[in-house]
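**Q** Attaching a single structure in structure tokens format; questions to follow.
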Amino acid sequence: MKKILLPALALMSLSACASLWHREGVGFTGIDGEPKTITEKRGSADYVARRLSVPAELAGKPVQRLQSEKGDIASLAGVAIGAGGRNPQTAVEVGSGTLDLYLSTVEVNGVLFAVLRTPEDGIDRLAEDAGASFAQSVPRLTGCLTGGQVFRSGQSKRSTGLAVPLDCR
């Protein structure tokens, strides 16, 4: 009986210091050599992004709804790319670190597209294999499946925008 009663008594005496149902710790203060402070300056060693997940941020941005006279999917994708966001106010910033890209959603004639664009300064171009990488990332970035192939802006191999129809059922 003592083997059961003593541990139970010790547990009850330790839990008497605070409410039994309200648990609160001191938090992680770092280990020697790890940053104990954070900054919001990108590129510094102690940079911590204070942001939601990309799908949550994307859901907070308004979907542009457009109408087009052309009905084929490639033309609709071209309209979507042209209207895609290119700044933090209209799109979610995503990227590989060296190239910042902007992800937005545009609906053209009832077809919802995920649009990936370069920044509005227009200097950078997307790599040739960006379409395949974008198609693979769409479920993780948007929470929806791809509903077709990836379309590029213009005829050039190094375009400034990509669009893919979404299947969000």
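Just so you know, all these numbers are worked out from the coordinates, no wet-lab data involved. Note that the structure is predicted; figures quoted are calculated from it, not measured. Here the Cβ positions follow ideal geometry from the backbone for every residue, glycine too, while neighbour counts run over all protein chains shown.
**Q** Give the range 107-123 a look and list any residue that's under 16 Å from the mean Cα position of the chain (by Cα) and aliphatic (A, V, I, L, M), or say none.
**A** Scanning the range 107-123 gives 114, 115, 116.
**Q** Hey, among 163, 91, 77, which residue is in contact (Cβ under 8 Å) with a residue 60 or more places away in the chain and touching a helix residue (DSSP H, G or I) at 6+ places or on another chain (Cβ under 9 Å)?
**A** 163
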